[in-house]
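Down below is the structure, laid out as structure tokens.
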Amino acid sequence: RPPRSTPKPSSAASDVYKRQLQSATRTARRSLAARALPPHLETVKVDVAKGDALLLDVREPHEWAAAHFASATSAPLSALQQGACPKEALDATKRLYLHCAAGIRVHPAKAALEALGCDDVVALQEGISELYELGFDDLAE
């Protein structure tokens with residue numbers, strides 16, 4: 001018995017679906033844009049802007065090269081685990097906020113930084129995409 005073929009949607013139905021999807025996407029983006037930055041991220045933003053803290057991006061170099069925040073410093077997890085750390089991150093007077101792609105690598109990065117003697121380290125749960133969508137910072141040029 002030959003396989004049953006699934007009928008292709010008509011062009012008009014396909015166009016309607018595309019318009020609905022585009023509309024839903026625009027609505028979701030407007031909704032995200034209208035959301036205020038959560039208080040803990042406002043604190044991060046202010047601390048970094050005042051120079052009281054550093055935002056460390058613990059993603060790997062190829063991810064950093066693709067896109068990164070203007071206010072971030074690169075500190076790849078692989079380097080941290082080998083004991084290498086940006087010099088400015090070892091300033092005991094600054095809090096270190098960590099971010100990655102999805103909020104997962106920040107935890108082993110936090111442990112690595114603490115092993116290097118950093119006492120005030122905060123792992124952010126939000127990844128770079130979510131932070132960007134929330135309007136946390138601009139991407140570097």
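The values are calculated or read from the model by the stated rules, or taken from the named source; none is laboratory data. Computed from a predicted structure; not experimentally measured. Positions of Cβ are generated from backbone atoms using ideal geometry, with glycine treated the same way; all protein chains shown enter the neighbour counts. These accessible areas exclude ligands, DNA and RNA; they are computed on the full protein's heavy atoms, side chains included. Shrake-Rupley method; radii C 1.70, N 1.55, O 1.52, S 1.80 Å.
Worth pointing out:
- The combined condition, being farther than 19 Å from residue 118 by Cβ and either open to solvent by 100 Å² or more (accessible area, probe 1.4 Å) or at pLDDT below 90 (or both), is not fulfilled by residue 38.
- Looking only at region 63-77, and only at residues there that are open to solvent by less than 30 Å² (accessible area, probe 1.4 Å) and part of a loop (DSSP other than H, G, I, E, B), the one that is nearest to residue 46 (Cα to Cα): 75
- Residues within region 52-62 that are open to solvent by 10 Å² or more (accessible area, probe 1.4 Å) and in a loop (DSSP other than H, G, I, E, B), tallied: 3
- In region 119-139, the residues that are open to solvent by 40 Å² or more (accessible area, probe 1.4 Å) and under 11 Å from residue 68 (Cα atoms): 129, 132, 138, 139
- Residue list for region 88-118, filter: assigned to a loop (DSSP other than H, G, I, E, B) and either out of contact with any strand residue (DSSP E or B) (no Cβ under 9 Å at 6 or more places or on another chain) or surrounded by 15 or more Cβ atoms within 10 Å (Cβ to Cβ) (or both): 92, 93, 94, 100, 101, 102, 103, 104, 105, 116, 117, 118
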